[in-house]
Amino acid sequence: MGSFTTHRLRAHDPARSPALRFAALCTCLAEFAPYGFRATYHHLCRSAGIPPEPEQDPEAVVRAVEELHAAREVWFAAFRVWKGARRVEKLAGVRVPRSPEPRRVLWCPDPGFHPAGPLAAVMPRILSAPPGALSRCPVCPEGRGTVPWHDGTLVHRLCAGCGVSLAHRPVPHDPRVAADRAERWRPVWRRRA
C-alpha cells in the first residue's frame with residue numbers, strides 16, 4: 001500500500017478513471033479516518049456529494065480527499081510537536097512518554113451518526129480528547145446526553161448530539177443485531193443512504 005500522499009495525488013489525477021480515483025480515496029481513508037472508516041466514509045460522501053456512480057461527478061472525490069487531507073494536516077502538525085518533545089524525552093533517558101501521542105480518532109460506531117462539521121474544524125477537538133473512555137463528549141460544546149448503540153458484540157454509549165462513542169462494554173454476540181448492522185452498512189457503502 002502506498003502512502004496517503006500518493007493516493008491523494010491519484011484521487012486528483014484526471015487521467016485515471018473515476019472508479020480508480022474513488023478507490024484512491026478509500027485507500028486514504030484506510031490510513032486516516034477520524035471517526036473510524038465507515039463513519040468518516042459516510043461523512044465525506046455526504047459533505048463532498050459523492051454520487052452512487054463516481055462518473056457522475058468525478059470532482060466530488062477531489063473535494064472529499066481534500067477535506068480528509070485538511071484534517072490530517074491538523075493532526076500531523078500536532079503529531080510533529082509531540083514527536084519533537086518525545087525525541088527530547090528519549091535523549092534525557094525517559095523511556096515512557098509523559099504525554100500520549102495525539103489522538104487521531106474519536107470512534108463513531110454508527111456510520112450514519114457522526115459530527116456534522118468539516119473534519120478540519122472537528123480535528124482540534126479530537127486532539128484535545130483525553131485517552132481512553134470519555135466522561136463527556138469533546139466535540140459537542142455542551143452535554144447532550146447519551147444514547148446506547150449495539151453493534152452485535154459491544155454496547156456503546158454514544159453522545160446523543162454527534163454519535164461519538166464515549167465508552168463501550170462487551171455483551172454476548174447477537175448475530176441478528178450484527179446482521180442488521182451489516183445490512184444497514186450496504187446502502188451507505190453504495191452511497192445510497
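Look at residue 116 and say whether it is free of Cβ contacts under 8 Å to residues at least 12 places away in the same chain and within 13 Å of residue 162 (Cβ to Cβ). So residue 116 does not fit the description; no.
Scanning segment 2-17 for residues that are surrounded by 18 or more Cβ atoms within 10 Å (Cβ to Cβ) and not basic (Lys, Arg), we see that the one that is nearest to residue 62 (Cα to Cα) is 11. Of all residues in segment 48-86, those being of a type in the set (Gly, Ala, Ser) and either touching a His at 6+ places or on another chain (Cβ under 7 Å) or free of Cβ contacts under 8 Å to residues at least 12 places away in the same chain (or both) number 2.
When the criteria are applied in full, residue 86 meets the requirement of being modelled with pLDDT under 95, assigned to a helix (DSSP H, G or I) and either among the basic types (Lys, Arg) or open to solvent by 60 Å² or more (accessible area, probe 1.4 Å) (or both).
Of all residues in segment 160-193, those that are of a type in the set (D, E, K, R) and within 17 Å of residue 147 (Cα to Cα) total 2. Pairing each residue of segment 87-112 that is touching a residue at least 24 places away in the same chain (Cβ under 8 Å) and under 30 Å from residue 45 (Cβ atoms) with any residue that is open to solvent by less than 80 Å² (accessible area, probe 1.4 Å) and among the hydroxyl-bearing types (Ser, Thr, Tyr), provided the two are 6+ apart or on different chains, yields C-beta distances under 6 Å for 107/165; 108/35; 109/165. As an exercise: evaluate residue 39 against (1) in a helix (DSSP H, G or I); (2) loosely packed, with under 13 Cβ neighbours inside 10 Å; (3) small (Gly, Ala, Ser) and give the number of the one condition it does not meet. Single failed check for residue 39: (2).
Would you mind stating whether residue 115 is in a loop (DSSP other than H, G, I, E, B) and closer than 30 Å to residue 157 by Cα? Yes. Does residue 143 satisfy the condition of being open to solvent by less than 70 Å² (accessible area, probe 1.4 Å) and at negative phi? So residue 143 fails the test. Restricting attention to segment 46-64, the residues being surrounded by fewer than 23 Cβ atoms within 10 Å (Cβ to Cβ) and not in a loop (DSSP other than H, G, I, E, B) number 10. Tell me, please, whether a residue that is open to solvent by 60 Å² or more (accessible area, probe 1.4 Å), part of a helix (DSSP H, G or I), of a type in the set (Asp, Glu) and over 30 Å from residue 183 (Cβ atoms) can be found in segment 91-112. Within segment 91-112 (the criterion being open to solvent by 60 Å² or more (accessible area, probe 1.4 Å), part of a helix (DSSP H, G or I), of a type in the set (Asp, Glu) and over 30 Å from residue 183 (Cβ atoms)), the answer is no, since none of the residues qualifies. Cβ contacts < 8 Å: first residue surrounded by fewer than 13 Cβ atoms within 10 Å (Cβ to Cβ), restricted to segment 166-193; second residue among the hydroxyl-bearing types (Ser, Thr, Tyr), any location; separation 6+ or different chain. Result? Within 8 Å, the pairs are 170/153; 173/153.
The values are calculated or read from the model by the stated rules, or taken from the named source; none is laboratory data. Treat the numbers as computed from the prediction; the structure is a model and nothing was measured. Glycine also receives a Cβ, built like all others from the backbone with ideal geometry; neighbour counts cover every protein chain displayed. Please note that ligands, DNA and RNA were not included when accessible areas were found on the heavy atoms of the full protein model with its side chains. Shrake-Rupley method; radii C 1.70, N 1.55, O 1.52, S 1.80 Å.
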